[in-house]
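Undergrad: The structure that follows is given in the form of structure tokens.
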Amino acid sequence: MNFSDLETLGAGKILQLPRQRNVKYLVIDSRKAVVNEDAVFFAIGGPRNDGHDYLDKLYQLGIRQFVVERKIDTKNFPDANFLLASSSVKALQIISAAHRAQFNIPVIAITGSNGKTIIKEWLHQLLSPDYSVVKNPGSYNSQIGVPLSVWAMDKHHQLGVFEAGISRPGEMEVLANIIAPTIGIFTNIGTAHDEGFANLQEKIDEKLKLFLRVKTLIYCADHTGIRERIKSLALPGLSWGRSPESDIRIENTASGFLITFKQNTFELNIAPKDAASRENIFHCVATLLHLGYEPAAIQKRISELRPVSMRMELKEGINQCQVIDDTYNNDLAGLKISLDFLAGFQKKKSVILSDILQSGMKEEELAATINNMLEKRDLQKVILVGSSLYKFQHLLSTSVPTFFFQTTEEFLSGFDFSSFGNELILVKGARAFHFEKIVARLQRKVHGTVMEIDMGKLVHNLNYIKSKLNPGVKVMAMVKAFAYGSGSEEVANLLQYHKVDYLGVAYADEGLELRKKNISLPIMVMNPTEESFQAIVEQRLEPAMYSISNLRRFVSFLQNRPAAIHLEAETGLHRLGIEESELDEVISLLGANPNIVVKSVFSHLSASDESKHDDFSAEQFERFQKFYQLLTSALTIQPLRHILNSAGILRLSSYQMDMVRLGIGLYGVDPTTSGSSAGLEMAATLKTVISQIKIVKPGQTIGYGRRGIATHETKTATIAIGYADGFSRSFSNGKGRVLINGKLALVIGNVNMDMTMIDITGIEAAEGDEVIIFGAGLPIQDVANSIGTIPYEILTSTSERVKRVFVSEGI
């Protein structure tokens, strides 16, 4: 496809075409741009982030093809092709649909409320031995994700497997035109995205638009609403279920399941016990039966199914390294996502990569493609493992040190791991290479308690908060107190990648650590001390002046050197802040020292989380406005104004002014008294493991001080967390609860330094089982309420010896 073809397809109108070029790479994110003459950047406009703002930067990098939504002065881009589209997203969809139309291969499309990604990944596992399969990477199932996924379809592919997700009426028809499926799978229907539809029937009808032209639609007949609608539309269904009218009949047996299809019956054994996993597997079984697989082959492949990890994990590594664990699969689309994720971090980077198996490409072509992908990345070193990569290493001579090994074992025994230091290491390998052994070697050894931070949910919460802001309002993200216990460097890197405007820390040493980790965003230091002034100036930190004495000392220290500061006004919190009575001296000092630039003026509301104090919040806001007016009119300056924290953002939108301070809300905690902001998602999960299980007889005691007493035969579990990890002694003696296999268990006896005993009588559990301290099923608000504290304290109390694991789909 050439660039001029885009106008012919109806994607838009050519604005400039100095040279005909191919369309090979589709780019929507300027930070992840493939710098190639055949790349096309789609400038997508938005209220807070507009792709048109990055055209100059991308042109300087070497991008020469653009799809835009408004007229551009092309004089500044003499060698670039431009297409003007009514919508860059629609243009992307049109181009991808035209690309799909070139291929006459079977394509499986999957939609439903749950299970889409699992079924897609499992079908890829099941069918890859026989087909070269193209699929969505990760959960690329949106209006943008689907066209990007379908664009990966190439001449060597023999089968497509794509999932499609929607959130409102009118979306599915677009995705159906792009995917053009021949086989459909409707997984189930649930409450996800209910807010976008009038009722359940409307949602079913919208999802069914994906399948109006399929030859076969696979579904579970036990879902009545889906079954009846498919029959009323006379779609070519292939149903499975326990219902007698199912095309594929499922019956329970003592050892497994009895499957009847076309008058043939066979037994199937399935390992997973939960209903959701079994439903996903039966969708896969129905697909295999439809494709003509024999029962013995189905049983063999189902028994070999591996759990699907759909996210990368960022782990603490040896020698001050961080490790991106992406060892669950390896294909070209997934490799691009992983490399894009890697690009978001401002530190040295290395890659450990295995052969890509069952790609359908010739080995030489695959090696050259991998080399092209790696060459465009700023890497410290590259380690390639596998016989194919080893064989074609002459095609993989990247511009950085590259090491080749034929097997994982050869790499583990022959590589000098001490050569890794203070870098980010992507470990990505096909399952057959057992790269989890490499991760185990690289990962810093810690005990079994971890805090898991879902980076996707952090981004969701950031975007949700941004959606609450008026146009032009900036965001200062607070990363003080080890980023609320989550890990400052990793969170700050993510925030920098997603272009927040400011970071806020409590003390200068927190800001200095971020500068060491290549965080370049402006950083406000809320509690600067005189001893830290030198480091603050050297590292371009911006101190908050909260008293006239502190300002005097800083002026004296500067000796007319330039510096940026923030002024904190006292409006009623009575913690830190400059009083209105001190303003004259502040104005005099700043007027006499033009080397000092006031970046912002701010204050704190005492009770933004409680509606009963709204009158006092209004009084504080008025005091702040007066303070600001007196200051700025005297100095003829106009610094930023901010007074809202997370609770204020959610409750008091009229006080947003120029900037807001986002703290605990970033992590999904609603700090308001209602605590019910449906738009936030809890991003942190604290979990540990069961170390040992004991049976304690009636009358026996448990733990130090003999505080725990067994009133009946009691089954206890010792879990690997104590007050040294941040699990407070206040949880002792039944006040604390944890979650094991979906059941709540009470703390029995005193919390110890490194361990805690819990009562698991009546709970099915085993040593090594996961224990949730807070997270899904046990909200942090409930945990805090049980000991009369607040979620802030629970989060920030988690000690730094607890390993932080950052998970992400890399999207």
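Undergrad: Which condition does Ala297 not pass, out of (1) modelled with pLDDT of 90 or more; (2) touching a Pro at 6+ places or on another chain (Cβ under 8 Å); (3) in a helix (DSSP H, G or I), if it passes all the others?
TA: It is condition (2) that Ala297 fails.
Undergrad: Sticking with this structure for a sec: Could you say which residue among Asn422, Asn463 is under 25 Å from Asn518 (Cα atoms) and in a helix (DSSP H, G or I)?
TA: Unique residue meeting the criteria: Asn463.
Undergrad: Now a separate question. Restricting attention to the range 367-387, which residues are open to solvent by 10 Å² or more (accessible area, probe 1.4 Å), out of contact with any strand residue (DSSP E or B) (no Cβ under 9 Å at 6 or more places or on another chain) and without any contact (Cβ under 8 Å) to a residue 60 or more places away in the chain?
TA: Ala368, Thr369, Asn371, Asn372, Met373, Glu375, Ser387
Undergrad: Further question: Determine which single condition Leu590 fails, assuming it passes every other condition in (1) open to solvent by less than 20 Å² (accessible area, probe 1.4 Å); (2) assigned to a helix (DSSP H, G or I); (3) over 25 Å from Phe533 (Cβ atoms).
TA: (3)
Undergrad: Being out of contact with any Lys or Arg (no Cβ under 8 Å at 6 or more places or on another chain) and open to solvent by 80 Å² or more (accessible area, probe 1.4 Å) is the filter; apply it to the range 737-753 and report the residue that is modelled with the highest pLDDT.
TA: Among those that are out of contact with any Lys or Arg (no Cβ under 8 Å at 6 or more places or on another chain) and open to solvent by 80 Å² or more (accessible area, probe 1.4 Å), it is Arg737.
Undergrad: Also, I was wondering about something else. In the range 272-281, is there at least one residue being open to solvent by less than 30 Å² (accessible area, probe 1.4 Å), within 22 Å of His124 (Cα to Cα) and touching a Leu at 6+ places or on another chain (Cβ under 6 Å)?
TA: Within the range 272-281, none of the residues are open to solvent by less than 30 Å² (accessible area, probe 1.4 Å), within 22 Å of His124 (Cα to Cα) and touching a Leu at 6+ places or on another chain (Cβ under 6 Å).
Undergrad: Can you pull out every residue in the range 710-730 that is crowded, with 16+ Cβ neighbours inside 10 Å and either among the acidic types (Asp, Glu) or more than 18 Å from Ile772 (Cα to Cα) (or both)?
TA: Within the range 710-730, Ala710, Thr714, Lys715, Asp725 qualify.
Undergrad: Also: Can you tell which of Phe415, Phe405, Phe420 is touching a helix residue (DSSP H, G or I) at 6+ places or on another chain (Cβ under 7 Å) and open to solvent by 10 Å² or more (accessible area, probe 1.4 Å)? So that I can check it myself, show each step before the final result.
TA: Values: Phe415 fails: touching a helix residue (DSSP H, G or I) at 6+ places or on another chain (Cβ under 7 Å); Phe420 fails: open to solvent by 10 Å² or more (accessible area, probe 1.4 Å).
After ruling out the rest, the residue left standing is Phe405.
Undergrad: Residue under question is Val308, and the condition is that it be closer than 17 Å to Lys428 by Cα and in a loop (DSSP other than H, G, I, E, B); does it hold?
TA: Spelling it out, Val308 is indeed closer than 17 Å to Lys428 by Cα and in a loop (DSSP other than H, G, I, E, B).
Undergrad: Can you report the number of residues in the range 53-68 which are assigned to a helix (DSSP H, G or I) and either open to solvent by 40 Å² or more (accessible area, probe 1.4 Å) or not aliphatic (A, V, I, L, M) (or both)? Walk me through it before giving the result.
TA: Within the range 53-68, the subset assigned to a helix (DSSP H, G or I) is 53-61.
This time we only want the ones that are either open to solvent by 40 Å² or more (accessible area, probe 1.4 Å) or not aliphatic (A, V, I, L, M) (or both), so: 53-54, 56-57, 59-61.
The number of residues fulfilling the criteria is 7.
Undergrad: Can you confirm whether the range 392-411 contains a residue that is farther than 28 Å from Val35 by Cα, touching a Phe, Trp or Tyr at 6+ places or on another chain (Cβ under 7 Å), part of a helix (DSSP H, G or I) and touching a residue at least 24 places away in the same chain (Cβ under 8 Å)? Break it down into steps so the answer makes sense when it comes.
TA: First, the residues of the range 392-411 that are farther than 28 Å from Val35 by Cα: 405-411.
Those left that are additionally touching a Phe, Trp or Tyr at 6+ places or on another chain (Cβ under 7 Å): 405-406, 408, 411.
From what is left, the residues that are part of a helix (DSSP H, G or I) are 408, 411.
Pick out the ones that are also touching a residue at least 24 places away in the same chain (Cβ under 8 Å) and you get 408, 411.
Yes; the residues of the range 392-411 include at least one that is farther than 28 Å from Val35 by Cα, touching a Phe, Trp or Tyr at 6+ places or on another chain (Cβ under 7 Å), part of a helix (DSSP H, G or I) and touching a residue at least 24 places away in the same chain (Cβ under 8 Å).
Undergrad: Which one is nearest to the chain's Cα centre (by Cα) among residues in the range 201-228 that are more than 15 Å from Thr111 (Cβ to Cβ) and of a type outside the set (Ser, Thr, Tyr)?
TA: That would be Gln201.
Undergrad: Given (1) in contact with a Phe, Trp or Tyr (Cβ under 7 Å, 6 or more places away or on another chain); (2) open to solvent by 40 Å² or more (accessible area, probe 1.4 Å); (3) within 16 Å of Ala430 (Cα to Cα), where does Glu364 come up short, assuming only one miss?
TA: Failing condition for Glu364: (3).
Undergrad: Does the range 109-128 contain at least one residue that is farther than 24 Å from Ile302 by Cβ and either of a type in the set (S, T, N, Q) or assigned to a helix (DSSP H, G or I) (or both)?
TA: Checking the range 109-128: not a single residue is farther than 24 Å from Ile302 by Cβ and either of a type in the set (S, T, N, Q) or assigned to a helix (DSSP H, G or I) (or both).
Undergrad: Looking only at residues that are surrounded by fewer than 16 Cβ atoms within 10 Å (Cβ to Cβ), touching a helix residue (DSSP H, G or I) at 6+ places or on another chain (Cβ under 9 Å) and not small (Gly, Ala, Ser) in the range 594-621, which one is nearest to Phe554 (Cα to Cα)?
TA: Asn595
Undergrad: Return the residues of the range 754-788 that are within 16 Å of Gly708 (Cα to Cα), among the aliphatic types (A, V, I, L, M) and either free of Cβ contacts under 8 Å to residues at least 60 places away in the same chain or surrounded by fewer than 16 Cβ atoms within 10 Å (Cβ to Cβ) (or both); say none if nothing qualifies. Walk me through it before giving the result.
TA: Taking the range 754-788 as the starting set, the residues that turn out to be within 16 Å of Gly708 (Cα to Cα) are 755-761.
Within this subset, residues satisfying the condition of being among the aliphatic types (A, V, I, L, M) are 755, 757-758, 760.
Residues satisfying the conditions are Met757, Ile758.
Undergrad: Of the residues Leu314, Leu335, which is more than 18 Å from His124 (Cβ to Cβ), buried (at least 16 other Cβ atoms within 10 Å of the Cβ), touching a strand residue (DSSP E or B) at 6+ places or on another chain (Cβ under 8 Å) and among the hydrophobic types (A, V, I, L, M, F, W, C)? Full working, then the answer.
TA: Numbers: Leu335 fails: more than 18 Å from His124 (Cβ to Cβ).
Selected residue: Leu314, the only one of Leu314, Leu335 that is more than 18 Å from His124 (Cβ to Cβ), buried (at least 16 other Cβ atoms within 10 Å of the Cβ), touching a strand residue (DSSP E or B) at 6+ places or on another chain (Cβ under 8 Å) and among the hydrophobic types (A, V, I, L, M, F, W, C).
Undergrad: Taking Thr688, is it in contact (Cβ under 8 Å) with a residue 12 or more places away in the chain and within 25 Å of Pro471 (Cβ to Cβ)?
TA: Considered against the rule, which asks whether it is in contact (Cβ under 8 Å) with a residue 12 or more places away in the chain and within 25 Å of Pro471 (Cβ to Cβ), Thr688 comes out as no.
Undergrad: Let me ask something else. Among the candidates Ser113, Ser128, Ser139, Ser86, which residue alone is at pLDDT 95 or above, of a type in the set (Ser, Thr, Tyr) and surrounded by fewer than 24 Cβ atoms within 10 Å (Cβ to Cβ)?
TA: Ser86
Undergrad: Any residue in the range 138-160 that's of a type in the set (Val, Ile, Thr): show its pairings with residues that are open to solvent by less than 40 Å² (accessible area, probe 1.4 Å) and part of a strand (DSSP E or B) at Cβ separation under 7 Å, as long as the two are six or more apart or on different chains.
TA: From residues that are of a type in the set (Val, Ile, Thr), the pairs are Val146/Phe162; Val150/Phe162.
Undergrad: Determine whether the range 669-692 contains at least one residue that is assigned to a loop (DSSP other than H, G, I, E, B), touching an Asp or Glu at 6+ places or on another chain (Cβ under 6 Å) and either open to solvent by 50 Å² or more (accessible area, probe 1.4 Å) or modelled with pLDDT of 95 or more (or both).
TA: Yes, that holds for at least one residue.
Undergrad: Name the residues in the range 437-451 that are closer than 23 Å to Glu304 by Cα and either open to solvent by 70 Å² or more (accessible area, probe 1.4 Å) or part of a strand (DSSP E or B) (or both), would you?
TA: Within the range 437-451, Lys437 is the sole residue that qualifies.
Undergrad: In the range 28-52, which residues are open to solvent by less than 30 Å² (accessible area, probe 1.4 Å), assigned to a loop (DSSP other than H, G, I, E, B) and in contact with a strand residue (DSSP E or B) (Cβ under 8 Å, 6 or more places away or on another chain)?
TA: Ala33, Val34, Ala43, listed by residue number.
The values are calculated or read from the model by the stated rules, or taken from the named source; none is laboratory data. Bear in mind the structure is a predicted one, so any value in this text is a computation, not a measurement. Note that each Cβ is placed from the backbone with ideal geometry, even for glycine, and that neighbours are counted across all protein chains shown. What goes into the accessible areas is simple: the full protein's heavy atoms, side chains included, and nothing from ligands, DNA or RNA. Shrake-Rupley method; radii C 1.70, N 1.55, O 1.52, S 1.80 Å.
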